[in-house]
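Engineer: Encoded as structure tokens, here's the structure I'll be asking about.
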Amino acid sequence: MVKKVFARIYIALILVILYAPIVFIAVFSFTEAKSLGNWTGFSLSLYKSLFTGGMQNSSALISAVNNTLLIALIASLIATILGTVAAIGIFNLKGRKKQAIQLLNNIPMINPDIITGVSLFLLFVFLHISQGYLTVILAHVTFCTPYVVLSVLPKLTQMNPNIYEAALDLGATPGQAFRKVLVPVLSPGMISGFILSFTMSLDDFAVTFFTRGTIGLDTLSTFIYADARKGGLTPELKPLMTIIFIIILVVLLALNLKKSKHSDEK
Amino acid sequence: MGKRSSWALPYAIFLVLFVAVPLLLIVLYSFQDASGHFTFANMAKFFTDRDALSTFALSIEVAIENTALCILIGYPVAYILADKSLNRSAVTVVLFILPMWVNALMRTLATAELFTMAGIPLGKGTLLFGMCYDYLPFMIYPIYTTLAKMDRSYADAAADLGASPFTVFRKVTLPLSMPGIASGVLMVFMPTVSTFAISEFLTNNKIKLFGTIIQENINNSMWNYGAALSLIMLIIIGLTSFLGKKEDVEAAGGAV
């Protein structure tokens with residue numbers, strides 16, 4: 001019993017520390033003051049100017065948000081397709097080839113972002129590819145796909161290979177068998193791979209920083225970095241972050257409550 | 001599904017082009033001067049550059065301290081979360097991962113601001129705290145998954161055979177959770193050495209870590225020296241992941 005109380009207190013304490021900065025941002029999004037930690041009375045004006053674009057560099061912030069979402073969406077879609085096809089291939093490979101491709105697949109996961117960023121930067125410089133949207137998306141595909149491969153591979157090992165053979169024996173074309181048998185079995189892995197990729201791409205800073213070139217392409221991370229180095233943060237970032245956090249909180253809690261309900265019923 | 005092995009081909013080509021070749025380019029650029037001639041000058045520059053060497057040493061020191069701190073704080077969290085008698089809710093686990101979805105730079109800036117408000121000067125102490133704050137979930141999660149998968153009957157058996165709770169932990173639970181600790185270390189140690197923005201924000205640019213020097217050199221078009229510094233980091237990654245693997249094998253061996 002004492003052990004349980006201690007455990008509860010410990011968990012609560014760590015959670016309070018983990019959430020303190022987020023709560024801090026959220027609280028100070030409801031005041032007019034420009035800088036964090038400066039309270040000048042309750043106000044919704046930052047929310048208003050976020051949505052009506054009343055701030056100085058509103059278009060820059062909005063395009064940074066759009067870029068972040070668009071890059072994450074495209075990169076994780078490509079990564080999901082590439083990674084799923086690759087996982088099917090790797091599953092059917094044997095020996096050295098399999099080991100080699102799995103080793104290469106692990107490298108982007110072990111490498112810190114800065115190494116991935118610098119190495120890809122050198123690649124694009126070496127090949128004289130001008131950097132911008134395309135290079136950022138390629139770079140994001142590079143660090144996302146390994147996670148898709150690792151999410152899909154276990155689904156293949158768990159699958160009964162006879163089902164696929166049976167579909168072929170019963171007259172399905174390989175294409176039909178792929179669509180009707182393989183895809184449904186693999187889809188949970190593909191979905192979790194996609195979600196992982198999407199979140200990693202959203203949160204990325206270092207890789208984007210090195211591969212975005214000099215055309216002024218900003219994602220949310222690079223925007224915040226540039227902003228902070230200039231001195232003052234764009235105050236509308238506070239309400240923006242608060243809104244993003246609340247959306248994620250609701251979605252994740254809803255998903256998990258549903259999941260635990262399901263497992264309770266089972 | 002016999003011929004499906006060829007499906008790996010597009011990704012194999014992709015991996016060679018975007019993973020293998022870029023890493024080889026780091027090596028190539030490290031040993032070239034600005035006009036493309038072979039040279040050892042970049043490497044020599046690092047080993048004779050006081051500032052770079054002391055930054056490097058400081059980065060390794062901070063990374064070791066941060067990793068240790070993450071294990072000390074994170075292991076009990078993972079242990080409690082994985083213990084069915086202490087925690088039955090999957091939501092608590094999600095709560096520990098959730099902060100990672102909020103932009104890391106923004107969280108770091110807010111952390112730094114909190115310190116300033118509390119009157120704590122930004123420096124090495126705040127750097128360590130902030131680093132630990134940023135990387136703690138990466139330590140908790142792998143340890144949690146290993147502990148959750150662990151067969152509790154080993155621990156029960158040890159207790160039945162008369163081991164004290166502490167002995168059970170030291171001789172059974174801890175060795176069995178080594179793979180989780182090893183992958184946690186892998187996910188915390190190198191990223192700490194290489195962060196650049198986070199360390200700048202948390203110390204108000206007073207303390208530079210190795211990642212910052214790499215970034216400064218690349219951004220100032222000193223690609224060759226930047227590549228050489230990256231190569232040094234790559235060598236360390238190779239070493240730590242090799243050590244991590246070895247621990248993995250030993251832990252697995254200990255389990256059998």
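The values are calculated or read from the model by the stated rules, or taken from the named source; none is laboratory data. Because the structure is a prediction, the values reported are computed rather than measured. Every residue, glycine among them, receives a Cβ derived from its backbone with ideal geometry; neighbour counts consider all protein chains shown.
Engineer: Please return the ranges of helices (runs of 4 or more DSSP H) entirely within the range B:45-164 where 2 or more residues are of a type in the set (Lys, Arg).
Structural biologist: It comes to B:124-149.
Engineer: For A:Glu165, all conditions in the list (1) without any contact (Cβ under 8 Å) to a residue 60 or more places away in the chain; (2) touching a helix residue (DSSP H, G or I) at 6+ places or on another chain (Cβ under 8 Å) hold save one; what is the number of the exception?
Structural biologist: Going through (1) without any contact (Cβ under 8 Å) to a residue 60 or more places away in the chain; (2) touching a helix residue (DSSP H, G or I) at 6+ places or on another chain (Cβ under 8 Å) one by one, A:Glu165 breaks only (2).
Engineer: A follow-up question, please. Just for the range B:222-243: of the residues that are over 19 Å from B:Asp51 (Cα atoms) and small (Gly, Ala, Ser), which one is modelled with the lowest pLDDT?
Structural biologist: Per the stated criteria, the residue is B:Ser241.
Engineer: So A:Leu61 clears everything in (1) surrounded by fewer than 20 Cβ atoms within 10 Å (Cβ to Cβ); (2) among the aliphatic types (A, V, I, L, M); (3) within 22 Å of the chain's Cα centre (by Cα) except one condition, right? Which one?
Structural biologist: The number of the failed condition is (1).
Engineer: Given the conditions (1) in contact with an Asp or Glu (Cβ under 9 Å, 6 or more places away or on another chain); (2) within 11 Å of chain B (Cβ to nearest Cβ), report the number of the one that A:Arg212 does not fulfil.
Structural biologist: Every condition holds for A:Arg212 apart from (2).
Engineer: Looking at the structure I just gave you, is A:Leu73 surrounded by fewer than 17 Cβ atoms within 10 Å (Cβ to Cβ), more than 10 Å from chain B (Cβ to nearest Cβ) and within 18 Å of the chain's Cα centre (by Cα)?
Structural biologist: The answer is yes for A:Leu73.
Engineer: Still on this structure: Identify, from the list B:Gly74, B:Gly36, B:Gly123, the residue that is facing another protein chain (nearest Cβ under 9 Å) and among the small types (Gly, Ala, Ser).
Structural biologist: Details: B:Gly36 fails: facing another protein chain (nearest Cβ under 9 Å); B:Gly123 fails: facing another protein chain (nearest Cβ under 9 Å).
From the options B:Gly74, B:Gly36, B:Gly123, the qualifying one is B:Gly74.
Engineer: Still on this model: For the range B:109-143, which residues satisfy the criterion of being among the hydrophobic types (A, V, I, L, M, F, W, C) and over 16 Å from the mean Cα position of the chain (by Cα)?
Structural biologist: Passing the criteria: B:Leu109, B:Ala110, B:Ala112, B:Leu114, B:Phe115, B:Met117, B:Ala118, B:Ile120, B:Leu122.
Engineer: From the set of residues in the range B:1-33 that are of a type outside the set (A, V, I, L, M, F, W, C) and surrounded by fewer than 16 Cβ atoms within 10 Å (Cβ to Cβ), which is farthest from the other protein chains (Cβ to nearest Cβ)?
Structural biologist: Among those that are of a type outside the set (A, V, I, L, M, F, W, C) and surrounded by fewer than 16 Cβ atoms within 10 Å (Cβ to Cβ), it is B:Asp33.
Engineer: Only one of these is assigned to a loop (DSSP other than H, G, I, E, B), among the small types (Gly, Ala, Ser) and in contact (Cβ under 8 Å) with a residue 60 or more places away in the chain: A:Gly193, A:Gly213. Name it.
Structural biologist: Values: A:Gly193 fails: assigned to a loop (DSSP other than H, G, I, E, B).
The unique qualifying residue is A:Gly213.
Engineer: The conditions are (1) over 19 Å from the mean Cα position of the chain (by Cα); (2) among the polar types (S, T, N, Q); (3) over 30 Å from A:Lys3 (Cα atoms), and B:Ser199 fails exactly one of them. Which is it?
Structural biologist: The single condition B:Ser199 does not satisfy is (1).
Engineer: In this structure, is B:Asn87 surrounded by 21 or more Cβ atoms within 10 Å (Cβ to Cβ) and of a type outside the set (Gly, Ala, Ser)?
Structural biologist: So B:Asn87 does not fit the description; no.
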